[in-house]
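Asker: The following block contains the structure, expressed as structure tokens.
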Amino acid sequence: MDIIETPLLVLLPLRPEHAGEMAIALSDPDLHVFIGGAPLTAQELRARYERLVAGPAGWRNWVIRLRAEDQLIGYVQATIDEGVAELAWVVGTPWQGRGLATESAKALVGWLFTQDVKQVVAHIHPDHGASAAVAAAAGLHPTDQMKDGEVRWEATA
């Protein structure tokens, strides 16, 4: 899996060894209001990352490293199936509001469209304005379709 770079960020292929640092980055309970669940311990996250790394070839996961702070701050993921990539992004609370999720999502969408991906999709809670703004900046548009209470956003290559 490729490393994806931007001026501010490096998207690194997920490894189980990232779990300790990511447990800290994702530790704010408020972060989980829209993504669900609760913060995981480093051990729980490592087990999850081991499953993700071992999962199907279509599961693509990157951690986001902020160059200036040399610190992991979140993740992006794409589940690819038959030319369609389902996207998700999460940036830890201390780094929100700085355009880092937008930069990550734009870089991911750009990279996916250089692969065999023809369409990208994200499902966003209608009350999550920040994620809607990230999706729009990454070139996705809302549709009138809903899935599990979330609006389907999409873009085509």
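Asker: Given the options Thr6, Gln77, Ala155, identify the residue whose Cα lies farthest towards the positive end of the charge dipole of the chain (+1 on Cβ of Lys, Arg; -1 on Cβ of Asp, Glu).
Answerer: Result: Thr6.
Asker: A further question follows. Given the rule -39500 (n - 2.57) for each run of at least 4 DSSP H residues, summed and divided by the residues of the chain, what is its mean residue ellipticity at 222 nm, to the nearest 500 deg cm²/dmol?
Answerer: Per the formula, -8500 deg cm²/dmol.
Asker: Next question, about the same structure. Test of understanding: what is the full-extension gain from Trp59 to Ala136, defined as 0.36 nm times their sequence separation minus their Cα-Cα distance?
Answerer: 25.4 nm
Asker: Next question. Quick one: 3J(HN,Hα) in Hz for segment 133-145, Karplus 6.51/-1.76/1.60 with θ = phi - 60°, rounded, Gly and Pro as x.
Answerer: 5, 5, 4, 4, 5, 7, x, 8, 10, x, 10, 8, 8
Asker: In Å and on Cα atoms, what radius of gyration and Dmax does segment 92-145 show?
Answerer: Every Cα atom of segment 92-145 included, Rg and Dmax give 11.8, 34 Å.
Asker: If I model a spin label at Asp28 and Asp144 as a point 7 Å from the Cα along the Cα→Cβ vector, what separation in nanometres do I get?
Answerer: So the two model labels end up 3.7 nm from each other.
Asker: Next up: Within 13 Å, Cβ to Cβ, of Ile3, how many net charges do the neighbouring residues add up to if Lys/Arg are +1 and Asp/Glu are -1?
Answerer: Result for the local shell: +2.
Asker: Count neighbours as other Cβ atoms within 10 Å of each site's Cβ, and list the trypsin sites (Lys or Arg not before Pro) in segment 101-157 that are DSSP loop with at most 15 such neighbours.
Answerer: Values: sites: Lys106, Lys118, Lys147, Arg152; in loops: Lys118.
Filter output for segment 101-157: Lys118.
Asker: Follow-up. How compact is segment 1-131 by the rule of thumb for globular proteins, expressed as Cα Rg over 2.2 N^0.38 Å?
Answerer: Normalised Rg, Cα atoms only: 1.00.
Asker: So what's segment 57-157 giving for Rg/Rh, alpha carbon basis, Kirkwood Rh from the mean inverse pair distance?
Answerer: Checking Rg against Rh, the ratio lands at 0.96.
Asker: Sticking with this structure for a sec: Only four residue types carry charge here, +1 at the Cβ of Lys and Arg and -1 at the Cβ of Asp and Glu. Report the dipole size of segment 68-157 about the Cα centre in Debye, rounded to the nearest 20.
Answerer: That gives a dipole near 200 debye.
Asker: Where nothing but the Cβ of Lys and Arg (+1) and of Asp and Glu (-1) is charged, how large is the charge dipole of the chain around its Cα centre, in debye to the nearest 20?
Answerer: The dipole of the chain has a size of about 180 debye.
Asker: A further question follows. Can you work out the FRET efficiency for the pair His128 and Lys106, with r the C-beta to C-beta distance and R0 = 25 Å, to the nearest 0.05?
Answerer: Details: r = 18 Å, r/R0 = 0.71.
Efficiency, rounded to the nearest 0.05: 0.90.
Asker: If you count the DSSP beta bridges with both ends in segment 61-135, what percent of them are antiparallel, to the nearest 5?
Answerer: 80
Asker: Next up: Considering only DSSP beta bridges whose two residues both sit in the chain, what percent are antiparallel, to the nearest 5? Before the final figure, lay out each step's value.
Answerer: Values: 33 of 36 bridges.
Looking only at bridges with both residues in the chain, the antiparallel portion is about 90 percent.
Asker: Relative contact order, percent, of the chain when contacts are C-alpha pairs under 8 Å separated by at least 6 residues?
Answerer: 19 percent.
Asker: Might you tell me the accessible area per residue for the chain, computed with a 1.4 Å probe and given in Å²?
Answerer: 52
The values are calculated or read from the model by the stated rules, or taken from the named source; none is laboratory data. Not measured: the values here are computed from a predicted model. Every residue, glycine as well, gets a Cβ built from its backbone with ideal geometry; the counts of neighbours run over all protein chains shown. With ligands, DNA and RNA removed, areas are computed over all heavy atoms of the protein, side chains included. Shrake-Rupley method; radii C 1.70, N 1.55, O 1.52, S 1.80 Å.
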